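The values are calculated or read from the model by the stated rules, or taken from the named source; none is laboratory data. Here the structure is a predicted model, which is why all the values come from computation and not from measurement. Just the protein is used for accessible areas: all its heavy atoms, side chains included, with ligands, DNA and RNA removed. Shrake-Rupley method; radii C 1.70, N 1.55, O 1.52, S 1.80 Å.
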Amino acid sequence: MTRALGLNDARAVLHRSAERLATRYEGIVNEETVERVVFESYTALMRTAKVPAHVPSLAYRFAQDRLLALAQSKGAIPKAVPEVLFVCVQNSGRSQMAAGMLRKLAGDRVHVRSAGSEPGDSIHPEVVQVMAADGIDLTEEFPKPLTDDVVRAADAVITMGCGEACPIYPGMRYLDWHLDDPAELDLDGIRRVRDEIRAHLEQLLDEILPAPPGAGA
């Protein structure tokens, strides 16, 4: 059984996480901002956590990605590849499916993030099952709240039924994919959504990735 962390234990872990991340982003993001992002990330994830003892380690991962996005949006860290952000309501189905599949299709040619306007407490088990059959492991992923920093860092923001929750910035590319919510579907329905996502992604990759040398010659 996982031992629940007390408040003081959690704070100690979070302070250590902030120290590690402050060292990593020294000269790019100041220490106060790093600590704020770490504690904000923890608080946001605790709202829906099923296993609170896991939250400090998840908060570290979430804060690490947010700090990278913050540095990228400021131009302090160059983007080596296009940044794609997938957003749905709970970040428990469609956006996780799209993120996992894009990582498989594009590899290190694209950096992928996902988030939810009202994140759930876990990824739908049926979604994990369907994606696993496609060779995509979502067992280490978790729903994350939508934050301003990851939106600003994105080159393309793809929404899936999150309404007006996603902030809009001039000059940024937005796409809205109309996909059924896997929470309301059986396994066959989720497989259909998976196939629809794959078709969307193949088109997206054609648009955002440069053609390989000699292509079309």
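Might you work out the accessible area of residue 179 for me, using a 1.4 Å probe with all protein chains in place, and round it to the nearest 10 Å²?
The value for residue 179 is about 20 Å².
What does the accessible area per residue of the chain come to in Å², with a 1.4 Å probe and no ligands, DNA or RNA counted?
Value returned for the chain: 52 Å² of accessible area per residue.
Quick check on the chain: helices-only [θ] at 222 nm, where DSSP H runs of length 4 and up contribute -39,500 (n - 2.57) each and the sum goes over total residues. Nearest 500, please.
-15500 deg cm²/dmol
Please enumerate, by chain and number, the lysines with C-alpha under 19 Å from the C-alpha of residue 50, excluding those fewer than 8 residues away in the same chain.
144
Pop out the Kirkwood hydrodynamic radius of the stretch 87-176 from its pairwise C-alpha distances, inverse of mean 1/r, in Å to one decimal.
Averaging 1/r across every pair of different Cα atoms and inverting gives 13.3 Å.
Just the number, please: carbon plus sulfur as a percent of the accessible area of the chain, 1.4 Å probe, no ligands or DNA/RNA counted.
50 percent
Can you list the aspartates and glutamates whose alpha carbon is less than 17 Å from that of residue 79, not counting same-chain residues fewer than 8 positions off?
The qualifying aspartates and glutamates are 65, 108, 149, 155.
May I ask you to give the average projected area over all directions of the convex hull of the Cα atoms of the stretch 25-137, in nm² rounded to one decimal?
Here the figure is 7.6 nm², rounded to one decimal.
If the cut-off is a Cα-Cα distance under 16 Å, which lysines reach residue 104, setting aside same-chain residues fewer than 8 apart in sequence?
List returned: none.
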